[in-house]
1. Collect the residues in segment 200-250 that are within 18 Å of the chain's Cα centre (by Cα) and charged (D, E, K, R), keeping them in residue-number order.
2. Here is a list: Leu76, Leu128. Which entry is in contact with a strand residue (DSSP E or B) (Cβ under 6 Å, 6 or more places away or on another chain) and at pLDDT 95 or above?
3. Name the residue that is farthest from Val61 (Cα to Cα), counting only residues in segment 91-122 that are without any contact (Cβ under 8 Å) to a residue 40 or more places away in the chain and either of a type in the set (D, E, K, R) or touching a Leu at 6+ places or on another chain (Cβ under 8 Å) (or both).
4. Given the conditions (1) touching a helix residue (DSSP H, G or I) at 6+ places or on another chain (Cβ under 6 Å); (2) buried (at least 21 other Cβ atoms within 10 Å of the Cβ); (3) among the polar types (S, T, N, Q), and given that Thr176 satisfies all but one, which numbered condition is not satisfied?
5. Being of a type in the set (Gly, Ala, Ser) and modelled with pLDDT under 95, is that true of even one residue in segment 179-187?
6. Do we find that Gly291 is under 16 Å from Met207 (Cα atoms), part of a loop (DSSP other than H, G, I, E, B) and either modelled with pLDDT of 95 or more or not acidic (Asp, Glu) (or both) in this structure?
7. Quick one: would you say Asp191 is farther than 25 Å from Leu76 by Cβ, crowded, with 19+ Cβ neighbours inside 10 Å, free of Cβ contacts under 8 Å to residues at least 40 places away in the same chain and not aliphatic (A, V, I, L, M)?
8. Taking Gly63 as the residue in question, decide whether it is of a type in the set (Gly, Ala, Ser), closer than 24 Å to Ile197 by Cα, crowded, with 23+ Cβ neighbours inside 10 Å and modelled with pLDDT of 95 or more.
Amino acid sequence: MKHSSLALTLFSWLTLAALAQSPRRVIIDTDPGTDDAMAIILALNSPEFKVEALTVVPGNVEGWQGLENALKIVSLANRCDVLVAGGAQHPLNQKLITAQYWHGKNGLANIELPPSKCKADPRFGPDLIIELIHKYPHEITLIPIGPLTNIALAVSKDPSIVALVNDIVIMGGSITGGNVNGAAEANIYNDPEAAQIVFNAGWTVTMVGSDVGERTLITRKHLAELQATRGPQNDFIAKIVEFCITVAEQNGYSAAAMYDPLAVGTALDSTLCTLKEMHVDVETKGEFTRGETVANRMGSNENNVLHGDHYEIEGVIPLKPNARVCVASDADRFIKLFISRVAGK
C-alpha cells in the first residue's frame with residue numbers, strides 16, 4: 001500500500017511537471033500590419049506557445065487584406081495547422097481608419113509574399129474564439145493586437161467566456177498620451193466602443209500600450225543582427241524592420257516602436273514589463289479625447305456629497321482594478337529575445 005501511494009504521488013508530480021512545461025494555447029486577434037507580422041512570427045517561433053488560431057480584424061488594413069496577409073504569414077512559416085479566420089469588417093460604431101501610411105499599401109511593407117498554401121477557416125472570427133475557449137476552458141490566452149472589435153463581439157455574444165480564458169494581453173491604449181493624436185492610441189481609437197466593452201467585461205486585461213512600445217525600439221544595429229541570419233521568415237522580418245525604421249526616420253524618429261511584438265513578448269514572459277494594477281475606462285464621447293484609455297492611478301475617486309448649493313469632498317470611493325498596465329519594459333532583453341526567436345535560435 002505504501003509503494004502504491006508513493007507511485008501515485010510520483011505520478012501526480014510528473015503530471016503536474018508535464019502540464020507546467022506544455023505549451024500555452026493562444027489566440028492572436030490581429031490586423032496584419034507590419035508589427036503584427038513581427039508579433040505573429042515571434043509567437044509561431046516560441047515553443048512556450050501553441051498558437052491555436054489567428055482571427056482577423058480590420059485596422060491597419062481592411063478585413064479582406066488582413067485575412068490574405070495572415071494566411072500568407074502562416075504559410076511562410078509552414079504552419080497551416082494554425083486556424084485563420086476572418087472576423088468583423090468594420091468597427092462597431094464608426095467608419096474604419098486604415099494605416100497604409102505606416103504599413104505600406106498591402107500592410108506588409110509592400111513585400112509580396114508567395115500565395116498562401118493555407119486555407120481560411122470558414123467560421124466567423126468571434127465565433128471561433130468562443131468555440132476554442134469552450135473547447136479548452138481556462139487554457140486559452142487571448143492576445144488582441146488590433147482594434148478590439150472581434151473580442152467585443154465574442155464577449156457580447158457569450159459573456160461566459162470571460163471566466164473561461166486563462167489571460168488576455170492586449171496591445172492598445174496608453175496612460176501618457178496617444179499616437180494618433182494627443183489622447184488616443186490607434187487600436188483603441190479605431191473602435192472605442194469595443195474597447196470599453198472589453199475593459200469592462202469582468203476579466204483583468206493586461207494592457208501593453210503605445211507609450212511603452214515607443215520606448216521599446218528596434219534600431220539599425222538590431223537590423224544588422226537580423227540580416228546576418230538567413231531564412232524565409234528571418235529575411236521577411238528583416239525587410240519589415242527595415243521598412244518600419246525607414247518610415248520612422250522619415251517622420252522624425254530614430255528607430256521603430258515594437259508595439260505588437262512587445263504584447264506577445266509580455267504574454268510569453270510577464271517580467272518583460274513592469275505591470276501595475278489600475279482601473280481603466282475608455283472615453284467614447286470626448287471631442288478631443290475619444291479613444292483615450294483613462295487610467296486611474298490613484299485607485300479611487302473622490303466622493304463628492306451635495307451640501308446645500310455646493311458639493312464637499314467626503315473621503316474617497318475605491319475602484320476595483322480591471323487592468324494590469326505595462327508602465328515600463330525591459331527593452332534590451334525583449335529585443336534580444338525577439339531577434340533570437342526570429343533567427344530560429
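The values are calculated or read from the model by the stated rules, or taken from the named source; none is laboratory data. Everything numeric here is computed off the predicted structure, so don't read it as measured data. All Cβ positions, glycine included, derive from the backbone under ideal geometry; neighbour counts span all protein chains shown.
1. Of everything in segment 200-250, those that are within 18 Å of the chain's Cα centre (by Cα) and charged (D, E, K, R) turn out to be Asp211, Glu214, Arg215.
2. It is Leu128.
3. Across segment 91-122, the extreme among qualifying residues is Glu112.
4. Tallying (1) touching a helix residue (DSSP H, G or I) at 6+ places or on another chain (Cβ under 6 Å); (2) buried (at least 21 other Cβ atoms within 10 Å of the Cβ); (3) among the polar types (S, T, N, Q), Thr176 fails exactly one: (2).
5. As a first pass, look at segment 179-187 and keep what is of a type in the set (Gly, Ala, Ser): 182-184, 186.
Filter again for modelled with pLDDT under 95, leaving none.
For segment 179-187, residues of a type in the set (Gly, Ala, Ser) and modelled with pLDDT under 95: absent.
6. Yes, satisfied.
7. Here the answer is no, as Asp191 does not meet what is asked.
8. Details: of a type in the set (Gly, Ala, Ser): yes; closer than 24 Å to Ile197 by Cα: yes; crowded, with 23+ Cβ neighbours inside 10 Å: no; modelled with pLDDT of 95 or more: yes.
Taking the combined requirement at face value, the residue does not satisfy it.
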